[in-house]
Amino acid sequence: MTANTFPSSEPGAATAGAQTQAPRPASRRVVDATTRMLHWLMALSFTVAYLTADGERWRLVHVTLGYTLAGLLVCRVLWGLFGPRQARLSVLARKLKGFPAWLKSLGSVNSLDTLQPAWRQGQNLLMALAVALILGVVIPLTLSGYAVWDEWGGEWLEDVHEFFGNAMLMMVLAHIGLIALLSLLRRKNQALPMLTGRAAGSGPDLAKRNHGFLAALVLACVLGFWGWQWSQAPQNGAAQDAAQIDNHRNNDSD
């Protein structure tokens, strides 16, 4: 009798244990690793470059990150042309095409009933516009920075570079503010998919492949470039110090 009770109780215990385990919430991949890597490396490069814009002590860091930002923009454009569909720049362009019509539709908003659909459509359009402006400003920002570094012009060129740097900062802050506002309104962290690559909810993955190897390759190239720039810095600094010493000696001898 005892032998017959144990086999029948074991499946029941296993079933009860399985029922106590909470199901994992459904999610789907919406952003691949390469897109996320390019996004955060560009954000890091601009932030540190902006903070090191003033002063000669951090000039090499500023210039290095400016080159990095330009290179990452090229990579993002290539990824937007030849990468997966959800990362294509054509998706961004299609959203922006609806922007003029959306602006015209705002004139017919006269109640909460008409405001809600207009606001829902405007959320995605404003986000797309912010991204497009940020990518667009990187071009004159890095070109003017290169011209200043090579001393192609006078102070007016430095003012141009500073203008685009401040314009880029304003757009980045507007982008962050819009994400924060949408997170509050939707009661969901809108920045999380750019961190994890996934969004809550069932359904097929928008990003079919993660492209993790390519993301690691991008990171390795950036770190390699930073390391190469760092290795060149002491030599350049020593050469400049030696040149200054020689100049002082020549002046003293004269």
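The values are calculated or read from the model by the stated rules, or taken from the named source; none is laboratory data. Given the structure is predicted, the values throughout are model-derived calculations rather than measurements. Note that each Cβ is placed from the backbone with ideal geometry, even for glycine, and that neighbours are counted across all protein chains shown. The protein model used for the area step is the full one, side chains on, heavy atoms only, and it has no ligands, DNA or RNA in it. Shrake-Rupley method; radii C 1.70, N 1.55, O 1.52, S 1.80 Å.
Which residues, taken from segment 9-42, are over 20 Å from Gly201 (Cα atoms), open to solvent by 80 Å² or more (accessible area, probe 1.4 Å) and at pLDDT below 60?
Result: Glu10, Gln19, Thr20.
Show the residue pairs meeting these rules: Cβ distance below 9 Å; 6+ apart or different chains; first residue within segment 173-191 and among the basic types (Lys, Arg); second residue surrounded by 11 or more Cβ atoms within 10 Å (Cβ to Cβ).
Arg186/Gln123; Lys188/Leu182; Lys188/Ala199; Lys188/Ala200
All but one of (1) open to solvent by less than 50 Å² (accessible area, probe 1.4 Å); (2) not in a helix (DSSP H, G or I) hold for Ser45; which doesn't?
Looking at each condition in turn, Ser45 falls short on (2).
Keeping to segment 91-114, report how many residues are more than 30 Å from Leu73 (Cβ to Cβ) and touching a helix residue (DSSP H, G or I) at 6+ places or on another chain (Cβ under 9 Å).
Within segment 91-114, the subset more than 30 Å from Leu73 (Cβ to Cβ) is 104-114.
Among the residues that remain, those that are also touching a helix residue (DSSP H, G or I) at 6+ places or on another chain (Cβ under 9 Å) are: 105-106, 108-109, 114.
Counting residues in segment 91-114 that are more than 30 Å from Leu73 (Cβ to Cβ) and touching a helix residue (DSSP H, G or I) at 6+ places or on another chain (Cβ under 9 Å) gives 5.
Output the qualifying pairs, or none if there are none: Cβ atoms under 9 angstrom, residues six or more apart or on different chains, first residue in segment 111-135 and under 28 Å from Met42 (Cα atoms), second residue hydroxyl-bearing (Ser, Thr, Tyr) and open to solvent by less than 50 Å² (accessible area, probe 1.4 Å).
Filtered contacts from segment 111-135: Gln121/Ser105.
Looking at (1) in contact (Cβ under 8 Å) with a residue 60 or more places away in the chain; (2) surrounded by 15 or more Cβ atoms within 10 Å (Cβ to Cβ), can you tell me which one Ile139 breaks?
Failed condition: (2).
Out of Val109, Val77, Val63, I need the residue that is open to solvent by 40 Å² or more (accessible area, probe 1.4 Å), within 30 Å of Ser231 (Cβ to Cβ) and of a type in the set (A, V, I, L, M). Which one? Steps first, please.
On the way: Val109 fails: within 30 Å of Ser231 (Cβ to Cβ); Val63 fails: open to solvent by 40 Å² or more (accessible area, probe 1.4 Å).
Criteria check complete, one pass: Val77.
Report the residue count in segment 175-193 for those that are under 27 Å from Leu143 (Cβ atoms) and open to solvent by 40 Å² or more (accessible area, probe 1.4 Å).
Total meeting the criteria: 1.
Does any residue of segment 53-68 turn out to be of a type in the set (Phe, Trp, Tyr) and either without any contact (Cβ under 8 Å) to a residue 12 or more places away in the chain or in a loop (DSSP other than H, G, I, E, B) (or both)? It would help to see each step written out before you state the result.
We begin by selecting, within segment 53-68, every residue of a type in the set (Phe, Trp, Tyr); these are 58, 67.
Right, trim to either without any contact (Cβ under 8 Å) to a residue 12 or more places away in the chain or in a loop (DSSP other than H, G, I, E, B) (or both) and you get 58.
Yes, segment 53-68 contains at least one residue that is of a type in the set (Phe, Trp, Tyr) and either without any contact (Cβ under 8 Å) to a residue 12 or more places away in the chain or in a loop (DSSP other than H, G, I, E, B) (or both).
Considering only residues of segment 145-172 that are touching a residue at least 60 places away in the same chain (Cβ under 8 Å) and in contact with a helix residue (DSSP H, G or I) (Cβ under 7 Å, 6 or more places away or on another chain), which is farthest from Asn124 (Cα to Cα)? Talk me through it step by step, then tell me what you get.
First, the residues of segment 145-172 that are touching a residue at least 60 places away in the same chain (Cβ under 8 Å): 145-146, 149, 162, 165, 168-169, 172.
Within this subset, residues satisfying the condition of being in contact with a helix residue (DSSP H, G or I) (Cβ under 7 Å, 6 or more places away or on another chain) are 145, 149, 165, 168-169, 172.
Working: Gly145: 32, Trp149: 38, Gly165: 25, Met168: 20, Leu169: 21, Val172: 16 Å.
Top of the filtered list is Trp149.
Here's the yes/no breakdown for (1) of a type outside the set (A, V, I, L, M, F, W, C); (2) surrounded by 16 or more Cβ atoms within 10 Å (Cβ to Cβ); (3) within 16 Å of Ala43 (Cα to Cα):
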{"site": "Trp149", "(1), (2), (3)": "no, no, no"}
{"site": "Glu155", "(1), (2), (3)": "yes, no, no"}
{"site": "His161", "(1), (2), (3)": "yes, yes, no"}
{"site": "Asn166", "(1), (2), (3)": "yes, no, yes"}
{"site": "Leu173", "(1), (2), (3)": "no, no, yes"}
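For Arg88, indicate whether it is modelled with pLDDT of 90 or more, open to solvent by 80 Å² or more (accessible area, probe 1.4 Å) and either of a type in the set (Ser, Thr, Tyr) or touching a helix residue (DSSP H, G or I) at 6+ places or on another chain (Cβ under 6 Å) (or both).
Numbers: modelled with pLDDT of 90 or more: yes; open to solvent by 80 Å² or more (accessible area, probe 1.4 Å): yes; either of a type in the set (Ser, Thr, Tyr) or touching a helix residue (DSSP H, G or I) at 6+ places or on another chain (Cβ under 6 Å) (or both): yes.
Taking the combined requirement at face value, the residue satisfies it.
Can you tell me which condition Leu129 does not meet? The list is (1) surrounded by 16 or more Cβ atoms within 10 Å (Cβ to Cβ); (2) at positive phi, and all the others hold.
(2)
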